[in-house]
Amino acid sequence: MPPRKRYVPRHPLPAPAPAASHDRRELDAVRDIVHASVGGESAEEALQFALDRIAPQVGAALGSVYLLDGASELMRLVAAHEWPERYRPWLGAMRVRVGFGPSGEAASERRVIDVPDVFADPDLEDWHEVARELGFTALIALPLVAAGRVLGVAALYFREMPAVTPESRALLRLVADLLAAAADQSARRDELRRANAALQEATSEIERQFDAVERARRARDDFLEGVSYDLRAPLEAVRANLEQLEQGDAGPLTDRQRDALRAARTSTTRVLDLVEALLDFAGARRGALEFRVEEFDPRVPVRDAVREVGVPNRGLAVAAVEPVLALPPLRGDRRKVVRLLVTLTEHLIEHGRLDRVELTVDATEARARFRVQEAGARRAVDEAMDDEPAERQASEAQLAWALDLVRSVSHLMGGSVTVDAAGEGPTAFVLDLPLEGPPGATVAHG
């Protein structure tokens, strides 16, 4: 078959110029549609722009784009081209059901639906009045398919059916693909915006809850600190009075009275230690502690801790293993150091495997290192296992809280607590403190 004359380069007439110009306009329209699909803020905006650009290129008098409305079988109108002004107030309410009418069939069957003459098709009798009123005779419904799913339909209405050439059909198919891509991309952007909005809302809610928890914690810490301060002074006075009575300042005592006073003084001391621990806890939460700084022999808190722990009454022993040579003095809060050592010792008494706990100390390189470690033979019976589950759980929770407090307080004192344990071997805690005292802390001398 000989080539058509308009493709012959030596054709002397200027007829190819309009075709080239038309092709150029089509390319410009396609380019603009691509830009709109990429840069459009919403699917409606991109589709409206694309419809307004392509409908004149294909000779359509009217145009509509419908998108599926969520998971329903209804498609809503999102873009309209050259519809009469009197219809515009109702365009937003227009819906097309999938499977009904040319547009519905295009979406249902995923194929282009051509209607060359609406008035000649007996199945479209309901369309005759609408076609007369709007002034169209033919229509083409293009399914918008992206990522394997139908997104909607583009419908173009013509006053008369144009000649369907391979080029025009390819252009329509390209237009449908571009519209589908624009709708898909815009839908994904909308999903991303909704996800970001939900994420921001969730983040804000988490921040609000976190702030509420922090306020509750601060209120709790302030309450504990206030109550502890209120309790400390009278308890110290009670302990001092008990010491005076025990020394016989109020008159001679019987052995039974002296034992009772000693037990009362010991209990008062333990309550005072708990009050001090609560104050330390509140201070550690704030990141600042008050220290009563003094210079003392590092061996003194070891002896005091062993004396306060006493005899565990479980067939266990607690002993101080002191170095023979004198150590350089340690500057710090002696009472806090004693409480840290007592807490570590009580942990090994409750959870250790051996029947002896030893406390030692050495000082090298401007650091004092206290070591609380297991020693001796393996325990015959783990008496902790004889406790009630609720009591054992409460005891373990209290010890876990105490160990956490030890780490926080030692950190504020410029030191640290480490655990030295290897498999089934003995466990040891190492409390490391600077000899020069706690740096950067609120210091109260006394």
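The values are calculated or read from the model by the stated rules, or taken from the named source; none is laboratory data. The model shown is predicted, which means the values in this text are computed figures rather than measured ones. Cβ placement follows ideal geometry from the backbone for every residue including glycine, while neighbour counts extend to all protein chains displayed.
From the list Asp249, Asp222, which one is of a type outside the set (Val, Ile, Thr) and assigned to a helix (DSSP H, G or I)?
Asp222
When both residues are 6+ apart or on different chains and their Cβ atoms are under 7 Å apart, which pairs have a first residue that lies in the stretch 415-438 and is closer than 25 Å to Arg356 by Cα and in a loop (DSSP other than H, G, I, E, B), and a second that is of a type in the set (D, E, K, R) and at pLDDT 85 or above?
Close Cβ pairs satisfying both conditions: Pro426/Glu374; Thr427/Glu374.
Can you pull out the residues in the stretch 96-111 that are surrounded by 15 or more Cβ atoms within 10 Å (Cβ to Cβ) and either touching a strand residue (DSSP E or B) at 6+ places or on another chain (Cβ under 6 Å) or among the basic types (Lys, Arg) (or both)?
Those that are surrounded by 15 or more Cβ atoms within 10 Å (Cβ to Cβ) and either touching a strand residue (DSSP E or B) at 6+ places or on another chain (Cβ under 6 Å) or among the basic types (Lys, Arg) (or both): Val96, Pro102, Ser103, Gly104, Glu105, Ala106, Ala107.
Condition test on Leu171, is it assigned by TED's automatic domain parsing to the domain that holds Val78, surrounded by 12 or more Cβ atoms within 10 Å (Cβ to Cβ), over 36 Å from the mean Cα position of the chain (by Cα) and part of a helix (DSSP H, G or I)?
Yes: the conditions hold for Leu171.
Table: residues versus (1) among the hydroxyl-bearing types (Ser, Thr, Tyr); (2) touching a helix residue (DSSP H, G or I) at 6+ places or on another chain (Cβ under 6 Å); (3) at pLDDT below 85.
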{"site": "Ala394", "(1), (2), (3)": "no, no, yes"}
{"site": "Ala402", "(1), (2), (3)": "no, yes, yes"}
{"site": "Ser408", "(1), (2), (3)": "yes, yes, yes"}
{"site": "Gly415", "(1), (2), (3)": "no, no, no"}
{"site": "Gly425", "(1), (2), (3)": "no, no, yes"}
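When the residues of the stretch 274-310 are narrowed to those that are surrounded by fewer than 15 Cβ atoms within 10 Å (Cβ to Cβ) and of a type in the set (Asp, Glu), which ends up modelled with the lowest pLDDT?
Glu290
Return the residues of the stretch 294-320 that are of a type in the set (D, E, K, R) and within 17 Å of Ser267 (Cβ to Cβ); say none if nothing qualifies.
Arg307, Glu308, listed by residue number.
In the stretch 86-122, what count of residues is obtained for those that are part of a helix (DSSP H, G or I) and either more than 21 Å from Glu44 (Cβ to Cβ) or at pLDDT below 90 (or both)?
Qualifying residue count for the region: 15.
Give the number of residues within the stretch 302-320 that are within 49 Å of the chain's Cα centre (by Cα), assigned to a loop (DSSP other than H, G, I, E, B) and under 15 Å from Glu374 (Cβ atoms).
The qualifying residues number 3.
Going by what's in this entry, would Leu348 be described as touching an Asp or Glu at 6+ places or on another chain (Cβ under 8 Å), assigned to a loop (DSSP other than H, G, I, E, B), hydrophobic (A, V, I, L, M, F, W, C) and buried (at least 16 other Cβ atoms within 10 Å of the Cβ)?
Taking the combined requirement at face value, the residue does not satisfy it.
Residues that are over 59 Å from the mean Cα position of the chain (by Cα) and aliphatic (A, V, I, L, M): does the stretch 220-238 have at least one?
The answer is no, given that none of the residues of the stretch 220-238 is over 59 Å from the mean Cα position of the chain (by Cα) and aliphatic (A, V, I, L, M).
Any residue at all in the stretch 151-160 that's surrounded by fewer than 21 Cβ atoms within 10 Å (Cβ to Cβ) and assigned to a helix (DSSP H, G or I)?
No, the stretch 151-160 contains no residue that is surrounded by fewer than 21 Cβ atoms within 10 Å (Cβ to Cβ) and assigned to a helix (DSSP H, G or I).
In this structure, does Val153 turn out to be over 19 Å from Ala79 (Cα atoms), of a type outside the set (Gly, Ala, Ser) and in contact with a strand residue (DSSP E or B) (Cβ under 6 Å, 6 or more places away or on another chain)?
No; evaluated as a whole, the condition is false for this residue.
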